[in-house]
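Since the structure comes first, as structure tokens, the remarks are kept for the end.
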Amino acid sequence: MKIDHHFLTSLIPSNHPFDSINIENMKGFMANYLAMSQAFPYLQAGSQKDLFFNYMNDNKPIDKDLEITSVVGNFLSWDETGGLFITLRKKMAGISEILKTEKYFHSNNLQDDLYMIFGQNISPYYSETTKKYLNKLYEKLSDNDSIKRCATMVSFEVHANNMITSLWDSLANRYNFLIKNELKYFYNHVGGEDPAEQYHVKMTEEMIELIANNEEKRSLFIKYFTENYKFHTEWCEAIKNESIH
């Protein structure tokens with residue numbers, strides 16, 4: 001059994017909580033979403049720390065599974081903080097552009113989009129709901145079990161593709177003054193002819209073949225993937241009712 005995008009899609013609901021965002025407190029809702037966007041690259045990068053120290057303290061060599069999830073995690077963090085965009089377009093000669101974090105961090109692109117929508121700066125808001133979600137996400141990304149770790153990463157990317165697409169459509173429908181493709185955060189992830197998020201999904205799926213490499217592991221992966229996808233959507237549903245205190 002090959003676990004590809006088509007198969008994973010069959011495991012998850014066709015709808016998403018962000019398909020409908022007819023809520024009053026849009027600023028609070030989007031401030032929580034912005035907090036998640038800001039947090040993710042730090043959580044993904046930091047998730048390797050405890051895993052490494054476990055190997056060091058036990059005086060064990062790093063195994064292949066940890067190398068695989070680490071290199072994928074490093075890529076995702078690099079991309080979210082603008083590094084991939086810069087190196088693809090400006091090569092190594094332009095590498096100092098990474099210091100322009102206000103321009104290239106994806107969470108900062110989102111902050112610019114929110115200013116376009118609301119006409120004012122929106123700061124990330126770490127509500128108790130979002131803090132609980134992010135703490136749990138970190139635990140899952142740091143799990144000693146490589147199948148659980150892999151399932152968390154794949155579920156996050158598959159869900160992100162659906163979440164961002166759904167939210168982009170809903171914002172454009174709600175705020176009809178918006179020019180949809182000018183929302184940079186959304187366009188760069190899932191818009192245009194060659195959106196980045198599809199490659200995130202493809203890469204994380206190929207990781208599955210290397211880590212869930214027998215039927216027993218694949219069965220466990222499917223279980224953990226399904227649970228984690230629900231975990232992400234439950235947070236999405238919950239923040240629709242959040243307000244900024």
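The values are calculated or read from the model by the stated rules, or taken from the named source; none is laboratory data. Values in this document were obtained by computation on a predicted structure and should not be read as measured data. Heads up, the Cβs are rebuilt from the backbone with ideal geometry, glycines too, and the neighbour counts pull from every protein chain shown. Quick note on the areas: whole protein, heavy atoms, side chains included, nothing else; ligands and nucleic acids left out. Shrake-Rupley method; radii C 1.70, N 1.55, O 1.52, S 1.80 Å.
Residues in the stretch 169-190 that are part of a helix (DSSP H, G or I) and of a type in the set (A, V, I, L, M, F, W, C): 4 in all.
Residue by residue, here is whether (1) closer than 30 Å to Phe29 by Cβ; (2) among the small types (Gly, Ala, Ser) holds:
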site	(1), (2)
Ser77	yes, yes
Phe85	yes, no
Glu97	no, no
Lys103	yes, no
Asn108	yes, no
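Of the residues that make up the stretch 189-210, is at least one at pLDDT 90 or above, among the aliphatic types (A, V, I, L, M) and under 21 Å from Pro17 (Cβ atoms)? No, every residue in the stretch 189-210 fails to be at pLDDT 90 or above, among the aliphatic types (A, V, I, L, M) and under 21 Å from Pro17 (Cβ atoms). Tally time: how many residues in the stretch 5-31 are assigned to a helix (DSSP H, G or I) and either aromatic (Phe, Trp, Tyr) or within 12 Å of Leu167 (Cβ to Cβ) (or both)? Number satisfying all stated conditions: 7. Of Ile86, Ile98, Ile62, Ile68, all but one fail to be within 21 Å of the chain's Cα centre (by Cα), among the aliphatic types (A, V, I, L, M) and modelled with pLDDT of 95 or more; the exception is Ile68.
Summed over the stretch 208-230, the residues that are open to solvent by less than 40 Å² (accessible area, probe 1.4 Å) and either touching a His at 6+ places or on another chain (Cβ under 7 Å) or assigned to a helix (DSSP H, G or I) (or both) give a count of 8.
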